[in-house]
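The values are calculated or read from the model by the stated rules, or taken from the named source; none is laboratory data. Predicted model only: the values in this text are computed from it and were never measured. Note that each Cβ is placed from the backbone with ideal geometry, even for glycine, and that neighbours are counted across all protein chains shown.
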Amino acid sequence: MELQRLLRTVNASRMSSIRAVVVGILKIINDPRSTARELVDIIETDPPLAARVLQLVNSAFCAPRQKIADLRQAVIFIGFEPLKELALSQTVCDLFQKPSEIAGYSREAVWRHCVTVAHFAKLIYRREYGLNGSQAYAAGLLHDIGIIVEDQFMHSQFAAALNGLGRHAHDLPAAETSILGYHHGAIGMTLAVDWGFPAELCQGIGYHHEPESAAPEFRQLAATICLANHCAHRIGETYCPPQAVDADDLARRMENLEISANAIDLIAPDVSQALSALAVKGIL
């Protein structure tokens, strides 16, 4: 299917229902002058999202002393930054809910993989670059949105690509391209551009397998998502049948970003701990 035709199909589907909320949250993440009040306003436009956020904030894991009855209290209790992540993740996770099993693949596994990449990317940005990491988190969470599009709207071709995978985790784009003429990164970027995502985020999604293709001013984010993607596969958070991670490619990605293997080894346990905490909360 031609990419623009695929885009029209997506925009005519229920998948586009999350568009306004995602774009609104991304604008807040991308604007350092944004306020908690703006975030609350956006969440409140989606009552089911607001209910899920409050349910999680009131869960046994968060354990507030008194019941939190509104989103303004939630901001005070858990903080502005965590609430941005929680709202975005709870919005995006709706895309991954429909059961789908192909050759060891499942949407649940894709969701775990995306959350893992998001946490790796955020911690790389914070510890290695001294940056906030919200943009990297968002890019990690959304980097494989093209996979869900393929699964939902080109299911048979996607199944053929999965069945044609080679030995390594990074072989999927080549398998997709051989069948479709493009891969999930291109689909994701086409959708992100159409939905009005920030340009840096669009390129982080589109070039997470080939960061050298990103515009120079956005290459750091694309390269970070690429590395975080490798790291997620390395700790077993993958949506494909068990695949080897190319050690030489991983080393090259770290070298390009001037990040040591020791730095990644220190980040990995914290990512695993974050995933365990999210599982307790019921987010994973």
Matching residues in region 165-202 (over 20 Å from the mean Cα position of the chain (by Cα) and assigned to a helix (DSSP H, G or I)) number 6
With respect to the numbered conditions (1) without any contact (Cβ under 8 Å) to a residue 40 or more places away in the chain; (2) surrounded by 19 or more Cβ atoms within 10 Å (Cβ to Cβ), which one is the sole condition not fulfilled by residue 217? (2)
Cross-chain or 6+ apart pairs with Cβ under 7 Å, region 22-50 first and within 18 Å of residue 95 (Cβ to Cβ), then surrounded by fewer than 15 Cβ atoms within 10 Å (Cβ to Cβ): 23/196
For region 1-14, pairs from a residue that is under 12 Å from residue 154 (Cα atoms) and aliphatic (A, V, I, L, M) to a residue that is at pLDDT 90 or above and part of a loop (DSSP other than H, G, I, E, B), with Cβ under 9 Å and 6 or more apart or across chains, are 1/154; 3/181; 3/182; 6/154
Number of positions in region 132-164 that are under 18 Å from residue 208 (Cα atoms) and either part of a loop (DSSP other than H, G, I, E, B) or of a type in the set (S, T, N, Q) (or both): 5
Under 16 Å from residue 144 (Cβ atoms), in contact with a His (Cβ under 6 Å, 6 or more places away or on another chain) and not hydrophobic (A, V, I, L, M, F, W, C) - does that describe any residue in region 245-268? no
Check residue 131 against each of (1) in contact (Cβ under 8 Å) with a residue 12 or more places away in the chain; (2) under 30 Å from residue 269 (Cβ atoms); (3) of a type in the set (A, V, I, L, M) and name the one condition it does not meet. (1)
